[in-house]
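Below: one structure, written as structure tokens.
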Amino acid sequence: MKKIPNGITCLLIIIALFGYLGSVMGMTNMLNSIMKTAHGLLLNTVFYLMSMCVLTGALGKILTEFGVVHLLQIMLRHVMRPLYNMPGVAVVASIMTFLSDNPVIITLSKNKQFAKYFKVYQFISLANFGTAFGMGLLVIVFMIGQGYFAAPFIGLIGAASGGIIATRLMQYFICKKYPEYRTLDAVSPEEREQLDREKKLQAEEDEKPNTFIRILNALLDGGKSGVDIGLAIIPGVIIICTLVMMFTFGGHVEGVDANGNDIVVYTGEAYQGCGLLPLLASKLSTLFHWLFGFTAPELIAFPITALGAVGAALSLIPEFTAKGIIDDNVVAVFTAMGMCWSGFLSTHTAMLDSMGYRKLLMHDFISQIVGGIGAGIIAHWLYIFVMYLS
């Protein structure tokens, strides 16, 4: 395999994917469905998500500007060490990723005043810890907008629990491979001295405008950051979600034949596909039902999509709702897995690279995958427990 040129391998994969789709749907129907699905996602999903990003971005900036984030840090920092084995200041990372997205960890990791509280093994696992809360506000608000109120908050607990699993598992991998990272500070003593000198020399005068101007600036700046996030999710929604939908949904059912099998017809409409993923998932339907409470094999498409982009995964919800295969339990599991994974496959490479520890990327992926699965399982069984008590 190493002797095969990359271009040939790429062509073989493309031919295999689209050849299979074309053989099931017909080439013309396949191309029409791809284009119409992408167009439908852009108009019906992307702009809806972007509007939510603008509103949640404005809210997040307001909470930061008027000290709510600092208040939450004071309230929650005492749970960081026993649960996540992280210093109290790490709560800032969880709040910021909850209000925005997990790449905010890159900005925090460049801040030496923030990094000086961490040992190296804790500093590296910050990517896993922050990701567990990624785009949490957007996910929860979206689910509430779909008519689900209690289930998203059960999912939030599941995501936080999955974060414990992912963070501590990553720390275990790091300390096992590099034992010296357990005692080594993320910021060297020389850098600490330099930071202390800069802090003493820097006498900042905190002159803030009046309250009305602060509110206006926060709303506009937060809304602008929401637009940036909304633009950033467009490729994930259109590319990843279109591909997943093509392999998730089937054609139009026009009745049954003499043997009782569905008569499937492809018309080239949006959201039609070959139905391969549900077919594969049906082989493990008993396992998925026990772990997550999934009652339809199509539901596996959400966590698969969330691996690459949680914004794209959210765009599947209206289609699942139209098919009548989603309920509160599924929403709780989707919220937990969507937050805990929040597209880490597309962001963690850059995050670890910016920290200077890309060599641990495979351990990072394994930890986050296990954490996301654990988040979904915990959310499902917690939902059952809550329903039992009620």
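For Thr248, which of the numbered conditions (1) modelled with pLDDT of 80 or more; (2) in contact with a Pro (Cβ under 9 Å, 6 or more places away or on another chain); (3) not acidic (Asp, Glu) fails to hold?
(1)
Would you point out the residue of the stretch 60-96, among those that are within 20 Å of Met339 (Cα to Cα) and of a type in the set (Gly, Ala, Ser), that is modelled with the lowest pLDDT?
Only one residue fits best here, namely Gly60.
Just to be sure I understand the filter: pairs with C-beta atoms under 6 Å, separated by 6 or more residues or on different chains, first member in the stretch 329-344 and within 10 Å of Leu156 (Cα to Cα), second member outside any helix (DSSP H, G or I). Which pairs pass?
Cys340/Ala132
Answer with yes or no whether Ala322 is aliphatic (A, V, I, L, M) and in contact with a helix residue (DSSP H, G or I) (Cβ under 7 Å, 6 or more places away or on another chain).
Criteria not met by Ala322.
Please note which helices (runs of 4 or more DSSP H) are completely contained in the stretch 303-390 and include at least 3 residues that are out of contact with any strand residue (DSSP E or B) (no Cβ under 7 Å at 6 or more places or on another chain) and surrounded by 24 or more Cβ atoms within 10 Å (Cβ to Cβ).
310-314, 328-341, 361-389
Which count do you get for residues in the stretch 282-309 that are under 19 Å from Tyr271 (Cα atoms) and either of a type in the set (S, T, N, Q) or touching a Leu at 6+ places or on another chain (Cβ under 8 Å) (or both)?
So the count comes out to 7.
Evaluate the following for Leu382: is it within 16 Å of Ala159 (Cβ to Cβ) and more than 20 Å from the chain's Cα centre (by Cα)?
yes
Pairs, please: C-beta under 6 Å, at least 6 apart or cross-chain, first residue without any contact (Cβ under 8 Å) to a residue 40 or more places away in the chain and in the stretch 261-286, second part of a helix (DSSP H, G or I)?
Leu277/Ala301; Pro278/Pro297; Pro278/Glu298; Ala281/Pro297; Ala281/Ile300; Ser282/Pro297; Ser285/Pro297
Which residues, taken from the stretch 188-210, are at pLDDT 75 or above, in a helix (DSSP H, G or I) and either surrounded by fewer than 10 Cβ atoms within 10 Å (Cβ to Cβ) or small (Gly, Ala, Ser) (or both)?
Residues satisfying the conditions are Pro189, Glu190.
Out of Ala296, Ala232, which single residue is surrounded by 12 or more Cβ atoms within 10 Å (Cβ to Cβ) and at pLDDT below 80?
Sole residue among the options that is surrounded by 12 or more Cβ atoms within 10 Å (Cβ to Cβ) and at pLDDT below 80: Ala232.
The values are calculated or read from the model by the stated rules, or taken from the named source; none is laboratory data. Every value quoted in this text rests on a predicted model; they were computed, and no experiment measured them. Don't worry about glycine lacking a Cβ; one is built from the backbone with ideal geometry, like all the others, and counts go over all protein chains shown.
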